[in-house]
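Since the structure comes first, as structure tokens, the remarks are kept for the end.
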Amino acid sequence: MGNKYSVPFTFDLQKKMKQSRFAQVFQTELNRLMLAHRIAELREKRGLSQAELAKLVGTTQSSIARLENSNYQNYSIKTLERIAEALGVRLVVDLQEAPLGKKAA
């Protein structure tokens, strides 16, 4: 049943992922989303509010809110180390080689 204002939409992710630029941007955004989600998940698992985590880290609640926002792009290793320490977890940073002939995401 179509509405005269609706537009059919199809999206083939597997096909799009074969386009190197799309795959690169997709992976970058996915990584950012996963990091933001993981910080919030660990904080909540430990029963901490953003303000309580901020106090442990030595920052503000709004800074923690930014880190938990998947649109945030300015993570620093130092900040992530402080977050990890406050949450009692280990920070793992890894560099992975891309398949030959492809740019890494």
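The values are calculated or read from the model by the stated rules, or taken from the named source; none is laboratory data. This is a predicted model, so every value here is computed, not measured. Don't worry about glycine lacking a Cβ; one is built from the backbone with ideal geometry, like all the others, and counts go over all protein chains shown.
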Revision key, fill the gap. Among (1) more than 20 Å from the chain's Cα centre (by Cα); (2) modelled with pLDDT of 95 or more, Gln14 falls short only on (2)
Practice item. Say whether the condition of being within 17 Å of the chain's Cα centre (by Cα), of a type in the set (A, V, I, L, M) and in a helix (DSSP H, G or I) is met by at least one residue in region 70-81. Key: yes
Review point. When Leu42 is evaluated against the numbered criteria (1) under 27 Å from Ala98 (Cβ atoms); (2) buried (at least 17 other Cβ atoms within 10 Å of the Cβ); (3) touching a residue at least 40 places away in the same chain (Cβ under 8 Å), which criterion, by number, is the only one it fails?
Key: (1)
Exercise for review: For residues that are closer than 21 Å to Glu68 by Cα and of a type outside the set (Lys, Arg), tally how many sit in region 83-100.
Suggested key: 11
Point to revise | Count - residues of region 17-33 that are assigned to a helix (DSSP H, G or I) and surrounded by fewer than 12 Cβ atoms within 10 Å (Cβ to Cβ) | key: 1
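Would you please name the residue that is surrounded by the fewest Cβ atoms within 10 Å (Cβ to Cβ), looking only at residues in region 55-69 that are closer than 21 Å to Arg90 by Cβ and either over 18 Å from the mean Cα position of the chain (by Cα) or among the acidic types (Asp, Glu) (or both)?
Keep residues of region 55-69 that are closer than 21 Å to Arg90 by Cβ, which gives 56-59, 64, 67-68.
When the remaining residues are screened for being either over 18 Å from the mean Cα position of the chain (by Cα) or among the acidic types (Asp, Glu) (or both), the result is 56-59, 68.
Details: Leu56: 16, Val57: 19, Gly58: 9, Thr59: 17, Glu68: 19.
By that ranking, first place goes to Gly58.
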Practice item. Enumerate the pairs (first residue in region 94-105 and under 28 Å from Leu80 (Cα atoms) and exposed (fewer than 10 other Cβ atoms within 10 Å of the Cβ); second residue anywhere and modelled with pLDDT of 60 or more and among the charged types (D, E, K, R)) with beta-carbon separation below 8 Å, excluding pairs fewer than 6 apart on the same chain, so at least 6 apart or on different chains. Key: none
Practice item. Output the residues belonging to region 60-69 that are in a loop (DSSP other than H, G, I, E, B) and either in contact (Cβ under 8 Å) with a residue 12 or more places away in the chain or within 22 Å of Leu30 (Cβ to Cβ) (or both). Key: Glu68, Asn69
Exercise for review: From (1) modelled with pLDDT of 95 or more; (2) assigned to a loop (DSSP other than H, G, I, E, B); (3) surrounded by 13 or more Cβ atoms within 10 Å (Cβ to Cβ), pick out the condition that doesn't hold for Glu52.
Suggested key: (2)
Study note, to complete from the structure: All-but-one check, Arg32 against (1) modelled with pLDDT under 90; (2) of a type in the set (Lys, Arg); (3) touching a Phe, Trp or Tyr at 6+ places or on another chain (Cβ under 8 Å), failing number (1)
